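To start, the structure itself, in structure tokens.
The values are calculated or read from the model by the stated rules, or taken from the named source; none is laboratory data. Model, not experiment: these values are computed from the prediction. So basically every Cβ, Gly included, is an ideal-geometry build from the backbone, and we count neighbours across all protein chains shown. For accessibility, only protein heavy atoms count, side chains too; no ligands or nucleic acids. Shrake-Rupley method; radii C 1.70, N 1.55, O 1.52, S 1.80 Å.
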Amino acid sequence: MSGNDSRAVDAREDADRFRHLFENVQDAVVEFELHGEEPVVATVNDAFCEMFGVNRGEVVGASLNDLIVPSERMTESNRFDQRTAAGKSNYAIVDRRTEDGLKTLLYRGIPYDGGDRGFALYTDLTDEIRQERELAVLNRVLRYNLSEDVDALLGHAEELAASVDDPELAATASALRERALALERTSEEARDLERVLDADPVLEPTPLGEVVQSALADVPLADYADVTVDVGDAPAVLSGGHLDRAVAALVDNAVRYADAETPVVEITARRVGDGVELTVRDRGPGLPDTERRLLTGDVDLTPLDHGSGLGLWLVRWIATAYDGAVAYDERDDGSAITLELRAATGD
């Protein structure tokens, strides 16, 4: 077989493999040609015919936009076509007319042949988007109701503590208040986790002094502790905007579980190579082994393994989101949790 014949066989095999993929992929796929900036259907797969309720033979040569784009979305679609003509890919969530009415789809546009031709792939996201919106509404309602109930519990507990002389009843009122405060803290931590997980962080230089100051201002228990801070010589770090929440969680945990009447907390930072270590030290009993391993990533996080709220989850997720890590060190007089962060360039 000559070299030309071999290349011809390879080309046919490549075409056969592509055709097999095109026909069997579950996404709706259309190949189109650009006439000016108007996409004209060249061929479609079965999934496209099923999603949009069209016959393959009848749509070839038709305008793709006229076929599936709602009139109020034409301006958006025209921008996509202009990008395709310039040889640029498209990736967006769009609304398109389908066999079952208007649906929300993930659209991916892939140009080729210098932008004269291209492929468009559509994946139905309607159910996922609706479920996400319903869950968001449910989450807001639950959080509002929880906040209202916690406020009521705190009010009743404080009234009870102020009006009873029986030591046992006073102790019960105090325990009720502590449980309500713990519930309130868990609710706030869940809110913070939601914000962190929803965010796509853009890492920017962040002075550690500002981070620590913001964190301490958000931990009421810090007023009852002996807190010292020494981060003055440490360079700025790369943060996505939630680093103060991680520090606040560490400080709150250090104060809340301290054995002493006046807890002692030390916050320090130092540069180590290309990174910065921000450490929160306490003189408490330390973390249980399971929570220590969860914090440092030695085991996977599961809700059933965690016993002291969501704060330590928050610490680990924030650190890893910022390309950092968490280290734990237990000493005779307490423990230390260190956030290993990236130093901002130029410092």
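Rounded to the nearest 10 Å², what accessible area does Ser89 have for a 1.4 Å probe in the complete protein model?
Counting only protein heavy atoms, Ser89 exposes about 70 Å² to solvent.
Roughly how many Å² of Ile110 are accessible to a 1.4 Å probe, to the nearest 10?
It works out to around 80 Å².
Could you sort 243-255, 160-172 so that the peptide with the highest average Cβ count within 10 Å comes first and the rest follow in order?
243-255, 160-172
One quarter of the convex hull surface, Cα atoms only: what value does that give for the stretch 46-107 in nm²?
Working: hull surface 17.9 nm².
The orientation-averaged projected area of the Cα hull of the stretch 46-107 comes to 4.5 nm².
I want to make sure I understand the PRE zone here: with the label point 7 angstrom from the Cα of Ala92 toward its beta carbon, which residues in the stretch 24-41 have backbone N atoms less than 16 Å away?
Hits in the stretch 24-41 for Ala92 at 16 Å: 37-39.
Using the Karplus curve 6.51 cos²θ - 1.76 cosθ + 1.60 with θ = phi - 60°, what ³J(HN,Hα) values do you get for each residue of the stretch 248-262, in whole Hz, with x for Gly and Pro?
Going residue by residue, I get 4, 5, 5, 5, 4, 5, 5, 6, 4, 9, 6, 7, 6, 5, 10 Hz, with x marking Gly and Pro.
Under a plain spin-label model, where a point goes 7 Å from the Cα along Cα-to-Cβ, how far apart in nm are Asp274 and Leu169?
Each label point lies 7 Å from its Cα, and together they span 6.6 nm.
If you add up the charges near Ala161, with Lys and Arg at +1 and Asp and Glu at -1, over every other residue whose beta carbon is less than 15 angstrom from its beta carbon, what do you get? Could you put the intermediate results ahead of the total?
Numbers: positive: Arg177, Arg179; negative: Glu158, Glu159, Asp165, Asp166, Glu168, Glu178.
Residues near Ala161 contribute -4 overall.
Count the net charge of all other residues whose Cβ sits under 9 Å from the Cβ of Arg342, scoring Lys and Arg as +1 and Asp and Glu as -1.
Working: positive: none; negative: Asp274, Asp323, Glu340.
Taking every Cβ under 9 Å from that of Arg342, the sum is -3.
Working out 0.36 nm times the residue gap between Ala325 and Glu128, then minus their Cα-Cα distance, what length gain in nm do you get to one decimal?
Result: 67.7 nm gained on full extension.
Give, as a single signed number, the net charge of other residues whose beta carbon lies under 15 Å from the beta carbon of Thr268, with Lys and Arg counted +1 and Asp and Glu -1.
Every neighbour counted, the sum reads -3.
Can you pull the one-decimal nm distance between simple spin-label points at Met74 and Asn55, each 7 Å off the Cα toward Cβ?
Here the modelled spin labels are 2.7 nm apart.
I need the phi-derived Karplus couplings for the stretch 102-118: 6.51 cos²θ - 1.76 cosθ + 1.60, θ = phi - 60°, integer Hz, Gly and Pro marked x.
5, 9, 8, 10, 8, 10, 10, x, 10, x, 8, 6, x, x, 7, 9, x
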